[in-house]
Amino acid sequence: MDPSIADTAKVQIRLSTREDGLEVPDDSRLLFAPTSLRRVDLSRLVNNLLHNDTPIPFEFLVNGQFLRTSIDEFLTQNGISAETTLNVEYTRAFIPSLHVSTFEHDDWVSAVDILSTSSPAGHWTGNYPQENTRILSASYDGLLRVWDTAGNVLATSSAPHNGGRITSLKSAKWLSDKKIAAAGMDGVVRVYSYDDSTRTLGDATLELYNHNWQVDNIAVHGPSHRILAASADTTISLFSSRAKENPAAPESLLPRSTAASNKRQKLSKPAHSAPARGALATLRSHTAPVSAVLFAPNDPTVAYSASLDHSLKTWDLPTSSVVETRATSHALLSMAALPTLNLVATGTSARHISLIDPRASATHIAVMTLRGHANAVVSLDTHPRSEYGLVSGSHDGTVRVWDVRSVRTATEGQGQVGESVFVIEREGVEKMRSHGEGVKVFDVRWEEETGIVSAGEDKKVQINRH
Amino acid sequence: NIDPESLLPKLPSPEELKPFPTTCAAIFRGQEGRVRSVSIDPRGLFVASGGDDGYVRVWELLTGRQLWNAKLSDEDAVDAVRWRPNKDSAILAAAAGENIYLVVPFAILSPDVEQSSRDVLDAGWGYAASKPSTSTNGIAAKEPPARWSRPGPRLEGKGVLVQATVRSAVKVIHWHRRGDYFATVSPRGQSSAVAIHTLSKHLTQLPFRRLKGLAQSAQFHPSKPIFFVATKNSIRSYDLAKQELVKILQPGAKWISSFDVHPGGDNLIVGTYDKRLLWHDLDLSTKPYKTLRYHQQAIRAVAFHQGGMPLFADASDDGSLQIFHGKVVGDLMENATIVPLKVLKGHQVKSRLGVMDVVWHPREPWCVSAGADGTCRLWC
Ligand SMILES: [Mg+2]
């Protein structure tokens, strides 16, 4: 093709956005653009139309696909005539995270959580100062650590005395700026008190017993002091973080309950003992290990759970009953809620993420499938600002960012398929293999100021910021 | 001109037969020397492995994390590990040399699961004390088929609670579905090559005084009181209640390495050192219904999915595993559909040995393999 022709070729585009306050004036929505333009050029154009002093980086969705080439190449690839008017939707770009800092641990890091102004625990605490942002990590070594954003360890918990059992942790959450809940392979949920002024974490202040196999995931709701625990024993527990609200602990689960265990308990350092309590309720309905649990973001009396029995369930907590069961075709390993879209995202062992409408009225169960990971998707979190953004952590050793507006194909009967917007690899690793040996990602959180925080088999917490 | 191929019933394509394992999802590393045997616990959470370094180990299935181990022997390899099938307890059987160990890995169990598991193992001590072991012919044997004992403080401190010593090195362990009995095979054991052990009584019996040929493997029928024993060239099924021979299968193999029974009970797969995989339909004939030659080297292990998926797998010294679709139809007039689905590669061949064992997950289309390269691998 004669380059002079390509340079001057133009196509009519119609600009639109779903971002509040970023609409271009009505009279500049329809315009002729050179087909040689790429994303950066279009982004500059929209910023000019908005008279932005500090430009906002934008992404452009053309027919549901992110523009990754020039408009000309896009038209050619998709067999679209330059005569048609292109509908171009612009969105704030989820900028690839460049800056990386890593916090070194002694062992695999299974979970992370963030305490900041805009994090759930920061909200519940109220006016939590941004400069005091804290990162909580849980490790296979059985310890919780609290870090500042510069990577200094401020406090470390003591290992629990559980009668010679494994202490590896699987999940940890901030209940408030002073309380942490954590659980793992010994099946006990523990509540810790954290004092930021003295930087002390220490021993658990409450031990919650209800599970006879490991607890893989917990969820917390600070204002009501509630903790949900998802266990491999196929049940979910509802606990209170206030000792007195819970009933007595089941005797058979206490470390001193068996002769052999009691003997070992005495041999290990005894001393301090936290109050032991049982559960307010046990949610039974799953038939295989429960891998993830969530309070519904808009209603803490509703919970969602995901299980290796392939189902996603909605629970009414006051009555401990199942409201809805959504059956899928794969073992479910992780979950995040997208409340404004009425969707729940769930990560599978089959390497994809399913977006599921949990409501009974929904006609389509799996609304969309996000493909790109090469191994199990074991952690999910939502974009701190956009209802369309998701982040996932996988055993393939990568973290992927998704925009659910980005749709590759719409195959008949299969719903829509989306691709990740970008990929974050583990720092210092040359080549990721699908089995992710040595670099599996176990948990990921996304917070406004801190960025994307992920934890994994490389014994590191990795932070990617803009 | 009619192409004869076009008259044959068309097999479904692998794409239509999903799900089946296609990729390596985790590598279990940390063993010295060959891994000989793997087993997935009945809940599908843990992998147990045993190998040349004399250790029995337990790993987290999805991550490959090593959670627990115990050294069972300084001289002998751990040749067989098998979880007891019951879900309310967690008991692992492992064999090193002539010793079979029963293990409660309490470090990864809650106190109540530890207690119920200990109770199962402890029940037999009183019986053993009150009644010495006898062979089936009723005559008090000079040497009992097995001595049941406590393995000593070092191992007991790790949860290795019971030791049964037989006369010859054990290569195969197979549990009865209810977990009351387990069978062991000691190929060099002659008249004591196949033993059936009663857990609740710490009792060992030798049901076959004379076996024609070298015993290779043995297992219980999934639902009937029938017991299968493979020797080098044939597989015999016995009625345990009537104490009589039911059938002799002739796979036409030079040397059988392993076999597995379909959960429906009427079909059987056989792996051979002469590189063949054979499918036997017990209703059809004593000869194989299908012979599959896909491997360059010996087949060491074969396994049916036991949780309702129409899948089976084999493991070979060429370093690969092969995954097959194997659909058994209830209709007597219709034969099983067998379709090769996927070759799984990743294990390295070491000293001409490749993949030593393969087992399926109890529910999912996932399998775990054991390699001579010192690793186990999860395939999803
Ligand atoms: Mg998780």
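Summary table
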{"quantity": "Orientation-averaged projected area, Cα convex hull of the range B:303-349 (nm²)", "calculated": "3.8"}
{"quantity": "Mean projected area (nm²) of the alpha-carbon convex hull when chain A is viewed from all directions", "calculated": "24.8"}
{"quantity": "Burial of 50 Å² or greater, the range A:187-214 residues [accessible area, probe 1.4 Å, versus chain by itself]", "calculated": "A:Asn212, A:Trp213"}
{"quantity": "Heavy atoms of A:Glu387: accessible area, 1.4 Å probe, square angstrom to 10", "calculated": "80"}
{"quantity": "Computed over the range B:248-380: relative contact order in percent, which uses C-alpha pairs under 8 Å that are six or more apart", "calculated": "17"}
{"quantity": "The range A:10-92 - accessible surface per residue (Å², probe 1.4 Å)", "calculated": "54"}
{"quantity": "Percent of beta bridges antiparallel (DSSP, the range A:10-92, rounded to nearest 5)", "calculated": "75"}
{"quantity": "Between helix A:39-49 and chain A: long-axis angle, C-alpha atoms, 0 to 90°, nearest 10", "calculated": "80"}
{"quantity": "Diffusion constant of the range A:10-92 at 37 °C, which comes from Stokes-Einstein with the Kirkwood Cα-pair radius and 0.692 mPa s, µm²/s", "calculated": "256"}
{"quantity": "Length-normalised contact order of the range A:98-465 in % [C-alpha pairs under 8 Å, at least 6 apart]", "calculated": "13"}
{"quantity": "Difference of contour (0.36 nm per residue) and Cα-Cα distance, B:Asp88 to B:Lys350", "calculated": "90.4 nm"}
{"quantity": "Nearest-10 value in Å² for the accessible area of A:Phe422, using the 1.4 Å probe", "calculated": "30"}
{"quantity": "Rg(Cα)/(2.2 N^0.38 Å) for the range A:347-466, N = residue count", "calculated": "1.07"}
{"quantity": "Cα pair count fraction exceeding 22 Å, expressed as % - the range A:274-362", "calculated": "24"}
{"quantity": "Peptide-level mean, for B:109-122, of C-beta atoms on other protein chains within 10 Å", "calculated": "6"}
{"quantity": "Additional length obtainable on full extension of the chain from A:His225 to A:Lys178, 0.36 nm per residue less Cα span", "calculated": "15.7 nm"}
{"quantity": "Accessible area of B:Tyr127 in the full protein assembly, 1.4 Å probe (Å², nearest 10)", "calculated": "60"}
{"quantity": "Shielding by partners - mean other protein chain Cβ count within 10 Å, residues of B:363-371", "calculated": "2"}
{"quantity": "Cα centroid separation, the range B:297-328 to the range B:239-254 (Å)", "calculated": "23"}
{"quantity": "Convex hull (Cα only) mean projected area of the range A:46-132, reported in nm² to one decimal", "calculated": "10.8"}
{"quantity": "Cα pair distances in the range A:96-157, grouped into 10 Å bins until the bin that holds the longest one, percent each", "calculated": "22, 47, 29, 2"}
{"quantity": "Among B:Ser117, B:Ser285, B:Ser369, residue whose mean-square fluctuation peaks in a GNM of chain B (springs only between Cα atoms under 10 Å)", "calculated": "B:Ser285"}
{"quantity": "Rule-of-thumb Rg ratio for the range A:162-273 [Cα; 2.2 N^0.38 Å; N residues]", "calculated": "1.06"}
{"quantity": "From the C-alpha gyration tensor of the protein assembly as shown, square roots of 5λ in Å", "calculated": "52, 36, 21"}
{"quantity": "Pairwise centroid distance, computed over Cα atoms, of the range B:75-112 with the range A:308-325, Å", "calculated": "35"}
{"quantity": "Rounded if a/c under 1.5, otherwise prolate or oblate - the range B:234-291, Cα gyration tensor axes", "calculated": "prolate"}
{"quantity": "Percent RCO, i.e. relative contact order, over chain B, from Cα pairs under 8 Å lying at least 6 residues apart", "calculated": "15"}
{"quantity": "Separation between Cα centres of the range A:384-459 and the range B:170-232, rounded to whole Å", "calculated": "50"}
{"quantity": "Karplus 3J(HN,Hα) series, Hz, for the range B:41-50 with 6.51 cos²θ - 1.76 cosθ + 1.60 (x for Gly, Pro)", "calculated": "5, x, 7, x, 9, 10, 10, 10, 9, x"}
{"quantity": "Equivalent ellipsoid, the range B:239-338 (semi-axes from 5 times Cα gyration tensor eigenvalues, Å)", "calculated": "22, 17, 12"}
{"quantity": "0 to 90° range, to nearest 10: angle between helix B:111-130 axis and chain B longest Cα axis", "calculated": "70"}
{"quantity": "Protection proxy ranking, peptides A:229-238, B:352-361, A:215-224, average beta carbon neighbours within 10 Å, highest first", "calculated": "A:229-238, B:352-361, A:215-224"}
{"quantity": "Accessible area of chain A belonging to carbon and sulfur atoms, whole % at 1.4 Å probe", "calculated": "49"}
{"quantity": "Cα extents of chain B along the three principal axes, largest first (Å)", "calculated": "79, 46, 39"}
{"quantity": "Peptide A:257-265, shielding by other chains (average Cβ, 10 Å cutoff)", "calculated": "4"}
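The values are calculated or read from the model by the stated rules, or taken from the named source; none is laboratory data. These numbers come from a predicted model, not from an experiment. All Cβ positions, even for glycine, are placed from backbone atoms using ideal geometry, and neighbour counts span all protein chains on display. What goes into the accessible areas is simple: the full protein's heavy atoms, side chains included, and nothing from ligands, DNA or RNA. Shrake-Rupley method; radii C 1.70, N 1.55, O 1.52, S 1.80 Å.
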